[in-house]
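K.L.:
Structure incoming, see below.
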Amino acid sequence: MKFLRTIMSGTLKALIGLSVLLLCLVGAEMYAGRDQFKVLDVPAPAKAPAQLKLLTYNVGLLEVRILGQEVFKPSDYLSERVKYLPYAIRSVNADIVSLQELYTAKHADYLLNILSDLYPYHYRADNTLLRIKNGLMILSKYPIHKQGLVKMTDGPEEERYFASKSIMAVEVILGPDFTVDIANIHPTGGGTELAQDHPDNITARDHQVLQVYQYLRPHEGGKFGSDYQIIMGDFNAGPEIARANYETLKEYGFRDAYAEYALTVNVPMKMTWDADNILNSEGAHSDSVSQRIDHIFLSKDLTNKVSISNAEVVFEEAVVPVEGARLVPVSDHYGVVVEMQFKK
């Protein structure tokens, strides 16, 4: 009996210990998963710029591991590609950069170490301990006054339970009494079970995009309030797929800057997720169609204040050497650049 009591006592202690560990993990996740908002004391530039250049880029560095074992990686050659990433970004010399699928602190620190001279201001924050990170970061040449991160409230169950799809936003000070609010987003790609353009995913993505719009507007319960807004990122929706989501922001007066420019100068628009990109044709989404899903949307007031002088898709070239003496692009997505001139 004494032996049995000893075993039972040891089992009970183990169960209690496991329960305490689980409670600690849950508590830590709840603490780490809180929404974030901060106002920074930064000086305004003495003079507002005459132009502004934007870049949005999904850098394609997702790799899901469990206990050190890879379970999902949409595209290969992460270690090779990340080495080229800061130099690709530097070559564009944008004033403000929004990045998606930059998941690890190691990759983010590598990027910042090389680009800190060009971008003295940045915002990256984790809002989860155990789930997949949000993968978002903003780089800026201009001071960041406000910064906020909030989880998206809708999406497929597996994303809500195992990931942290979020809205990252900043208020950038461009000059005296001149600010712009910028949101960096990466709405649902559809989860693991349903297609990207399944009605349930279109509905969820529509709610996510609406949440972004409201987050930038104080009278909608948001925390930002500049006269001008920019929403950019990988929308996982565009003219070729889930078009209803692409049209949502237009209903609130936002304009697709790249499309506006292309129509004005009468040049064909390029895809930003190319099925022929070797990272895609040999990757997890090889059955998907080419899509223009990476966008830079300008609010109506900002559209009226600027003229778009250039807009283009970048980083299409295969420049990264990998095994077999092959070359691949820096990411499975291409970047989108928009240049605008402020009207006098």
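The values are calculated or read from the model by the stated rules, or taken from the named source; none is laboratory data. Since the structure is predicted, the reported quantities are computational estimates derived from the model, not experimental observations. Positions of Cβ are backbone-derived with ideal geometry, glycine not excepted, and every protein chain shown enters the neighbour counts. The area values use the complete protein model at the heavy-atom level, side chains included, leaving out ligands, DNA and RNA. Shrake-Rupley method; radii C 1.70, N 1.55, O 1.52, S 1.80 Å.
K.L.:
Could you state the angle between the C-alpha long axis of helix 2-32 and the longest principal axis of the C-alpha atoms of the chain, as a value from 0 to 90 degrees rounded to the nearest 10?
P.N.:
The two axes meet at around 10 degrees.
K.L.:
Ok, one more. For the chain, take the alpha-carbon Rg, divide it by the Kirkwood Rh, and send me Rg/Rh.
P.N.:
1.02
K.L.:
Just to confirm the number: angle between the C-alpha axis of helix 78-92 and the first principal axis of the chain, 0 to 90 degrees, nearest 10?
P.N.:
On a 0 to 90 degree scale, this one is about 30.
K.L.:
Taking 8 Å as the Cα distance limit and 6 or more residues as the minimum spacing, I'd like the relative contact order of region 87-206 as a percentage.
P.N.:
Numbers: 203 pairs, mean separation 26.3, N = 120.
Normalised by residue count, the contact order of region 87-206 is 22 percent.
K.L.:
How would region 139-266 be classified by its alpha-carbon gyration tensor: rounded, prolate or oblate, with rounded meaning a/c under 1.5 and the a/b versus b/c comparison settling the rest?
P.N.:
oblate
K.L.:
How compact is region 222-344 by the rule of thumb for globular proteins, expressed as Cα Rg over 2.2 N^0.38 Å?
P.N.:
Values: Rg = 16.4 Å, N = 123, 2.2 N^0.38 = 13.7 Å.
Against the empirical 2.2 N^0.38 Å value, I get 1.19 for region 222-344.
K.L.:
Sorting V330, V319 by accessible area (1.4 Å probe), largest first, what list results? If you can, show how the numbers build up before the last one.
P.N.:
Working: V330 10, V319 70 Å².
Ranking V330, V319 by accessible area, largest first, yields V319, V330.
K.L.:
Quantify, in whole percent, the carbon and sulfur part of the accessible surface of the chain (1.4 Å probe; protein heavy atoms only).
P.N.:
The C+S portion of the solvent-accessible surface of the chain is 55 percent.
K.L.:
Decide, for region 137-176, between rounded, prolate and oblate: order the square roots of the alpha carbon gyration tensor eigenvalues as a ≥ b ≥ c, take rounded if a/c falls under 1.5, and otherwise choose prolate if a/b is larger than b/c, else oblate.
P.N.:
Prolate, because a/c is 1.5 or more and a/b exceeds b/c.
K.L.:
Please give the contour-minus-distance gain from N310 to V289: 0.36 nm per residue of separation, less the Cα-Cα distance, rounded to one decimal in nm.
P.N.:
4.9 nm
K.L.:
On to the next question. Could you work out how much longer the chain between D200 and F162 gets when fully extended? Use 0.36 nm per residue separation minus the Cα distance between them, nm to one decimal. Please list the in-between numbers first.
P.N.:
Numbers: separation 38, 0.36 × 38 = 13.68 nm, distance 1.85 nm.
11.8 nm is the gain from fully extending D200 to F162.
K.L.:
What is the angle, in °, between the Cα long axis of helix 199-215 and the longest principal axis of the Cα atoms in the chain? Nearest 10 is fine, range 0 to 90.
P.N.:
Tilt of helix 199-215: around 70 degrees.
K.L.:
Provide the packing ranking of 294-307, 213-226, i.e. peptides ordered by the mean count of other C-beta atoms within 10 Å per residue, highest first. Don't skip to the answer; put the middle values down first.
P.N.:
On the way: 294-307: 20.1, 213-226: 16.9.
So the order, starting with the most tightly packed, is 294-307, 213-226.
K.L.:
Quote the relative contact order of the chain in percent (integer), defining contacts as alpha-carbon pairs under 8 Å separated by 6+ residues.
P.N.:
19 percent
K.L.:
Rounded to the nearest 20 Debye, what is the dipole magnitude of the chain about its Cα centre when Lys and Arg each give +1 and Asp and Glu each give -1 at the C-beta? Walk me through the intermediate numbers first.
P.N.:
On the way: 34 positive and 43 negative charges, 265 e Å.
About 1280 debye.
K.L.:
Write down the Kirkwood hydrodynamic radius of region 235-294, to one decimal in angstroms, obtained as one divided by the mean of 1/r over all alpha carbon pairs.
P.N.:
Kirkwood radius, region 235-294: 12.6 Å.
K.L.:
Express the accessible area of region 176-270 per residue in Å², computed with a 1.4 Å probe while the remaining protein chains stay in the model. Could the numbers behind the result be given before it?
P.N.:
Details: 4130 Å² over 95 residues.
It amounts to 44 Å² per residue over region 176-270.
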